[in-house]
Amino acid sequence: MKTKITLKELSKLLNVSVSTVSKALNDSPEISPKTAERVKELARLHNYKPNPVAVNLKKSKTGTIGVVIPNISNSFFARVLSGMEAEAQKHDQQVITYISNESLEREKQICDMLTSGFVDGVLIAVSEETQKKQEYDHLFSLVDYDIPVVVYDRINIDLPADKVGVDDENSFFDAARYFMSRGLTKIGLASAIHHVGIGQLRIKGYKKALEDRHHYLAKSSKPADLRKKIKSLITEDRVEALLCTDFESTIMATRIAYEEKVNIPQDLKIIGYIGKEVAEFLTPSLSYIEQHPQEVGSRAVELLNNRLEGVYTPGKFEEEIITTSLVHLESTRF
């Protein structure tokens, strides 16, 4: 007697990734004919089929899209959501928002709910824990149920979906090069997100810009440890400039400089990944990388609607990179 099987179970039996199984079943040109036939043969043998409730519900649009946000303490995501809401209104769509709180388990719960078929599509920025553990089966379940998915911001994951991100690597390459063009040689970097994709890309841009020059790095996901390392860069290494990959490291660096009586920008210049609404009200005001989050949100909804309206090439997924801008305020004055 044939038994039902899940996408994840199929991948284990075949000793291939869930992504490979999903792509094979959806006739992706990325998968060889031999592998595709092997996958389909086993799927037929075990009576594999997507969730029938979800499939039936997908035959008609609900006018609703699900948005998964990693956290609400980061104003970037609030501005992304604003762009999504504005674009969704143009398509007469409603937005249901879920917050994963950077938790893999919570993200799994949310995705499980979304596979019930009450949304037309999903926009998701994966949690830090998901990236750290590299567990993506719950995301492939959305694809398995034929739910269009667009990944935004944190896009360096192997998922057959459209993606919208920003040029994280080039942003710090350009920022480091800017300092070098002004004659600075001791340029440091601080990061609380070095273990996730966007942090790694920003660090890569920094290293690429400095080439063979000495790297001054302060990296840790533990606040106390990061604080100690940033303090060492500022007071012992006496770096002339500091690039901060995230909100936490940016605020921590400015606070340490204040406590150690290191003057910004005379003794230390800082550029951070921090929102305009905070950067402009610090003393001194902080130069920052503008990520254009409303545009990220808007484009994510546009790509999702292209899928819903059939405006796409089968087996091909779009990846859009939004160009960032370096906004100079008081912390980079020469």
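Annotations
- Cross-link pairs beyond the 30 Å C-alpha cut-off, checked among K8/K132; K133/K261; K23/K276; K163/K228: K133/K261; K23/K276; K163/K228
- Difference of contour (0.36 nm per residue) and Cα-Cα distance, S17 to K186: 56.5 nm
- At R0 = 25 Å, FRET efficiency that the Cβ-Cβ distance of N101 and I157 yields, to 0.05: 0.85
- Placing a pseudo-label 7 Å from each Cα along the Cα-to-Cβ vector at L45 and I72 gives an inter-label distance of 4.9 nm.
- The stretch between K8 and T283 holds 93.8 nm of extra length on full extension. This uses 0.36 nm per residue minus the Cα-Cα distance.
- Cleavage-rule hits (trypsin sites (Lys or Arg not before Pro)) in region 159-261: DSSP loop, at most 16 neighbouring Cβ within 10 angstrom: R182, K186, R213, R238, K261
- Two-site FRET efficiency, F118 against D92, from Cβ-Cβ distance with R₀ of 22 Å, rounded to 0.05: 0.85
- Reducing region 303-334 and region 177-247 to their Cα centroids gives an inter-centroid distance of 25 Å.
- Approximate spin-label separation R38-Q134, in nm, with each point projected 7 Å along Cα-to-Cβ: 2.1
- With a cut-off of 11 Å between beta carbons, the residues surrounding P29 carry a summed charge of 0, where Lys and Arg count +1 and Asp and Glu -1.
Taken together, the values in this text are just the output of simple stated rules run on the coordinates, not laboratory data. Everything numeric in this text was worked out from a predicted model, so none of it was measured. Because the Cβ atoms are built from the backbone with ideal geometry, glycine has one as well, and the counts that use them run over all protein chains shown.
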